[in-house]
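The values are calculated or read from the model by the stated rules, or taken from the named source; none is laboratory data. None of these values were measured; they are calculated from a predicted model. Ideal geometry is used to build each Cβ from the backbone, glycine not excepted, and the neighbour counts take in all protein chains shown.
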Amino acid sequence: MPDREKFCMRCGKVLVESASANAPKPVARSMPVAPRPQTPSEVQGGMVSPAPQKKKVLVYALIAIAVISAIIIVLMLTGVIKIGTTGTSIISPAVLEEAPKVEVAWDVESDLPTAFYTNKNRRLVRIKLKTDKDAKVKVSVEIPEITEKEIRTLDVAMAEKGHDFKPPFLQDAYGRLSKAQSKFINLKVTTIDDKIIREESIPIRVLSRNDMVWVEKDGTQHYEDIARWVTMNNKEVEELVRVAAEYNEQLCGTHAMVGYLGDETMVVCQLASIFAAMQDAYQVAYIASTESYTTSNAQSIRLPEDVLKDHSGLCIETTVLVAAALENLGLEPAIVIIPGHAWVAVKTYPGSPSYFHLETTMLDAPVVDALETGEMNWMTEGGSAIAIVDIKKARERGIMPFGEASGEREME
């Protein structure tokens with residue numbers, strides 16, 4: 001120990017001075033000293049932690065981290081916790097309520113008459129929806145390759161409500177409808193976030209563009225829709241009018257088709273000239289038919305250009321052809337329909353209540369006879385007419401002609 005030290009720096013023992021300052025100083029021998037035992041308070045207070053205790057704490061910490069991580073993953077998968085670019089949000093319990101149960105039903109006809117699908121009162125399908133609590137859903141309806149897809153967001157309540165869907169026809173659809181086809185209406189009902197509630201393929205028979213249904217099973221009449229077949233601007237119809245001008249010179253001495261610019265005699269001359277051109281230049285023959293015009297059966301009616309190309313037609317087809325040529329001239333034709341028969345008429349002047357009539361089936365008789373028979377038809381059968389379709393009024397109601405058939409075929 002250093003000189004003059006009174007206490008042992010190791011164990012604290014009091015050091016004894018020698019009797020004389022000059023006497024040799026005793027040498028303090030160092031003895032091995034056992035470590036001082038730790039008290040319980042020192043251990044519990046964290047002053048000293050034995051090695052085994054440290055390992056246990058580390059194991060517990062790792063277990064706790066693993067459990068918390070597992071809980072977070074489960075909450076993320078169930079949607080309770082969402083992590084986005086702006087942070088983490090916890091969904092309130094109200095959002096976690098059970099999704100509403102939506103019931104879906106529908107009404108649809110087995111046949112779809114494409115000829116007058118564009119009518120205002122026509123629908124493709126009525127979707128009926130109800131739910132156990134108020135909700136919003138998305139509904140989409142289409143016929144692949146025939147219509148566009150109509151998508152609407154609808155409010156659904158506990159009381160059932162119907163919603164009419166009428167997706168527009170695709171621009172080239174009529175080109176594909178030269179004959180009737182079996183198709184499916186694709187119906188899909190989803191939540192706002194696109195979770196599927198119901199998905200169905202509903203069978204439907206799409207009629208040909210040539211199929212005319214005069215009266216539907218529920219009694220709905222479609223006589224005025226025959227105006228769709230009156231394709232006044234078709235190139236074959238325009239050529240018929242040009243050829244008819246030559247016959248007008250033979251019949252009435254005027255090589256011109258002037259519409260209502262002439263007098264009433266010129267109107268009947270133009271009617272006769274069109275018929276004469278059909279007989280002589282195009283050699284169109286009449287084909288007898290048994291259509292009653294009162295049933296719900298679809299009747300196939302060819303367009304005027306097809307009648308000219310095929311050189312033959314039913315009575316309704318030859319009638320429609322003459323009406324198309326008259327409308328092309330700016331005249332006001334009408335189609336008179338009685339049970340089992342139809343003929344063409346034209347107003348004697350714009351807006352006139354009087355008509356000139358023509359029996360279009362008499363293609364093998366003189367033109368004068370066809371005119372006289374038409375007048376006789378009106379006198380004897382006009383009173384029992386099922387319909388008198390005024391083409392000009394039909395146009396005003398939005399019943400427009402089909403597109404040119406040859407152009408449609410090019411798109412097939």
If GLY374 meets every condition in (1) assigned to a helix (DSSP H, G or I); (2) within 40 Å of the chain's Cα centre (by Cα) apart from one, which number is that one?
(2)
For a quick check of your reading of the model, give me the residue pairs whose first member lies in segment 337-366 and is over 15 Å from VAL389 (Cα atoms), whose second is in a loop (DSSP other than H, G, I, E, B) and among the hydroxyl-bearing types (Ser, Thr, Tyr), with beta-carbon atoms closer than 7 Å and at least 6 apart or on different chains.
GLY340/SER292; GLY340/TYR293; THR348/SER354
Filtering segment 310-324 down to residues that are under 15 Å from ALA277 (Cβ atoms) and either more than 36 Å from the chain's Cα centre (by Cα) or of a type outside the set (A, V, I, L, M) (or both), which residue is surrounded by the most Cβ atoms within 10 Å (Cβ to Cβ)?
THR318
Could you list, ordered by first residue, the pairs with Cβ atoms under 7 Å in which the first is in segment 125-140 and in the same structural domain as MET158 (by TED's automatic domain parsing) and the second is of a type in the set (S, T, N, Q), at least 6 apart or interchain?
LYS136/THR153; VAL137/THR190; VAL137/THR191; LYS138/THR153; LYS138/THR190
Residue match in segment 220-231 (condition: closer than 22 Å to MET400 by Cβ and of a type in the set (Gly, Ala, Ser))
yes
Hits in segment 294-308 (condition: part of a loop (DSSP other than H, G, I, E, B), under 15 Å from ASN210 (Cα atoms), modelled with pLDDT of 85 or more and not charged (D, E, K, R)):
ILE301, LEU303
Going by the structure shown, is ALA298 under 38 Å from the mean Cα position of the chain (by Cα), among the small types (Gly, Ala, Ser), within 15 Å of ILE226 (Cβ to Cβ) and surrounded by fewer than 20 Cβ atoms within 10 Å (Cβ to Cβ)?
yes
Please determine, by comparing only the residues of segment 205-237 that are outside any helix (DSSP H, G or I) and of a type in the set (Ser, Thr, Tyr), which one is surrounded by the fewest Cβ atoms within 10 Å (Cβ to Cβ).
THR220
Is it the case, given these coordinates, that ARG209 is among the basic types (Lys, Arg) and touching a strand residue (DSSP E or B) at 6+ places or on another chain (Cβ under 9 Å)?
no
Based on this model, can you work out whether ALA115 counts as touching a helix residue (DSSP H, G or I) at 6+ places or on another chain (Cβ under 7 Å), at negative phi and at pLDDT 65 or above?
yes
Mind listing whichever residues of segment 238-256 are touching a helix residue (DSSP H, G or I) at 6+ places or on another chain (Cβ under 6 Å), assigned to a helix (DSSP H, G or I) and either over 15 Å from LEU331 (Cβ atoms) or among the hydrophobic types (A, V, I, L, M, F, W, C) (or both)?
LEU240, VAL241, VAL243, ALA244, TYR247, LEU251, CYS252
May I ask you to list the residues in segment 169-187 that are surrounded by fewer than 13 Cβ atoms within 10 Å (Cβ to Cβ) and either touching a strand residue (DSSP E or B) at 6+ places or on another chain (Cβ under 7 Å) or modelled with pLDDT of 95 or more (or both)?
SER182
Test for THR118: is it surrounded by 14 or more Cβ atoms within 10 Å (Cβ to Cβ) and touching a residue at least 12 places away in the same chain (Cβ under 8 Å)
yes
With respect to GLN181, determine if the residue is under 30 Å from GLY330 (Cβ atoms) and either over 19 Å from the mean Cα position of the chain (by Cα) or not assigned by TED's automatic domain parsing to the domain that holds GLU305 (or both).
no
When segment 253-293 is checked residue by residue, the ones that are over 22 Å from LYS347 (Cα atoms) and modelled with pLDDT of 95 or more are GLN279, ASP280, ALA281, TYR282, GLN283, VAL284, ALA285, TYR286
The listed residue being outside the structural domain of LYS128 (by TED's automatic domain parsing) and in contact with a strand residue (DSSP E or B) (Cβ under 6 Å, 6 or more places away or on another chain), out of VAL268, VAL230, VAL258
VAL268
Checking GLY219 against (1) of a type outside the set (Phe, Trp, Tyr); (2) under 28 Å from ALA105 (Cβ atoms); (3) outside the structural domain of ARG152 (by TED's automatic domain parsing); (4) touching a residue at least 40 places away in the same chain (Cβ under 8 Å), the condition it does not meet
(4)
